[in-house]
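Written out below as structure tokens is the structure these notes cover.
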Amino acid sequence: MVWSVLIAMVGAFSLALGSALQERDAVRAPGEQVARAGFLLHLLRQPRWLAGTGAAALGAFLHLVALSGAPLTIIQPIGVTGLLFAIVLSAFFNRQRVRVSQIVAGVAVMVGLAGVLSLFPHSSRPPVMSTGTGLALAGTIIAFGAIVYLTARWMPSGARALALALAGGAALGTTSGLARVITAGAVTDPLRLFDWLTLMAVVTAVFGALLLQNAYRTGHFAAAYATLLIADPVVGVGIGALLLGEGVPGTLAAQVGAGIFALTAILGTVSLARSRHRNPEAPGRATTTVTRRHRPR
């Protein structure tokens, strides 16, 4: 148990470090405020962004290793401590101070998310999903993400960060749900890896990455990362509850508690989005400053 906890903490730090490194190049990449798909190709040529991707992948792997040795109710709350690591790392890289309000908001997100996840039942039954259901699920999430992507450029930067991270987190959470079904089926039939669900999982993951990197691009990294930490597992839990038969909180008290925890996490995320702690290199910031400076009196 002790080793699992330590591994989970290292994994949370590694995931936060990787995301903070990704933000550095996402903000500096050429293009509009909401960049197109070629934006990802540019990032793939950046050594620091690749290092960040490797660190994030290592963090996700360590989280899975920790889950193999300890219950979800212990490991998941440790995993969301990565938000505090991310806030501190982003401030360090951007040479900014960490404000008390940011830490308080980050703790609210962590407590809310951990509370929601702890109240949902966790089944050990092998998940089963038809190809039609999987395609409909992936198609719905991609359509939702496309709407956010096409309208995000007209949103204020804080709202844009939340919307893009929400859609990106939903896409990645859907990828996790599909991957769970695919890997469970591949245990008995390896050919299940070469299936329509696998293709949709890959497409959804790539689209989710585009949305998430654009969320980081806004300069509101802490808010975007907090939204990702909420959307990804909550969508995964929702897929388990609604499509895989894993159930929802069984008592009224548990359902009310889940609602309160969810509201706490949402309020913390909104607070982070409204914070003035924004990457000074984010697209649009310099333009706004120049415009104000030369505005006629």
Worksheet item: Tally time: how many residues in the stretch 153-172 are over 17 Å from the mean Cα position of the chain (by Cα) and assigned to a helix (DSSP H, G or I)?
Response: 3
Discussion item. Test of understanding: among 244, 267, which residue is out of contact with any Phe, Trp or Tyr (no Cβ under 9 Å at 6 or more places or on another chain), touching a residue at least 24 places away in the same chain (Cβ under 8 Å), part of a loop (DSSP other than H, G, I, E, B) and surrounded by fewer than 24 Cβ atoms within 10 Å (Cβ to Cβ)?
Written reply: 244
Worksheet item: Take the residues of the stretch 65-83 that are β-branched (Val, Ile, Thr) and open to solvent by 20 Å² or more (accessible area, probe 1.4 Å): which is modelled with the highest pLDDT?
Response: 65
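Condition check: open to solvent by 50 Å² or more (accessible area, probe 1.4 Å), without any contact (Cβ under 8 Å) to a residue 24 or more places away in the chain, among the polar types (S, T, N, Q) and assigned to a helix (DSSP H, G or I). Does residue 198 satisfy that?
no
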Worksheet item: How many of the residues making up the stretch 13-37 are under 22 Å from residue 164 (Cα atoms) and either within 17 Å of the chain's Cα centre (by Cα) or part of a helix (DSSP H, G or I) (or both)?
Response: 14
Worksheet item: Do you know which residues across the stretch 17-64 are farther than 28 Å from residue 151 by Cβ and modelled with pLDDT under 90?
Response: 59, 60, 61, 62, 63, 64
Response to the item:
Scanning the stretch 201-223 residue by residue, the ones that are farther than 20 Å from residue 240 by Cα, open to solvent by 20 Å² or more (accessible area, probe 1.4 Å) and β-branched (Val, Ile, Thr) total 2
Discussion item. Checking the conditions here, which among 140, 183 is part of a helix (DSSP H, G or I) and at pLDDT 85 or above?
Written reply: 140
Worksheet item: From the residues in the stretch 224-238 that are open to solvent by 10 Å² or more (accessible area, probe 1.4 Å) and of a type in the set (A, V, I, L, M), which one is nearest to residue 173 (Cα to Cα)?
Response: 235
Discussion item. With the requirement that a residue be exposed (fewer than 13 other Cβ atoms within 10 Å of the Cβ) and among the hydrophobic types (A, V, I, L, M, F, W, C), what does the stretch 175-195 give you?
Written reply: 187, 191, 193, 194
Worksheet entry | All positions within the stretch 38-52 that are open to solvent by 80 Å² or more (accessible area, probe 1.4 Å) and either polar (S, T, N, Q) or not in a helix (DSSP H, G or I) (or both) | 44, 45
Worksheet entry | Positions within the stretch 129-150 being out of contact with any helix residue (DSSP H, G or I) (no Cβ under 7 Å at 6 or more places or on another chain) and open to solvent by 60 Å² or more (accessible area, probe 1.4 Å), in sequence order | 130, 140, 147, 150
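The values are calculated or read from the model by the stated rules, or taken from the named source; none is laboratory data. From a predicted model like this one, the values you see are computed outputs, not experimental measurements. Virtual Cβ from ideal backbone geometry, glycine too; neighbours counted across all protein chains shown. Surface areas here come from the heavy atoms of the whole protein model, side chains and all, with no ligands, DNA or RNA. Shrake-Rupley method; radii C 1.70, N 1.55, O 1.52, S 1.80 Å.
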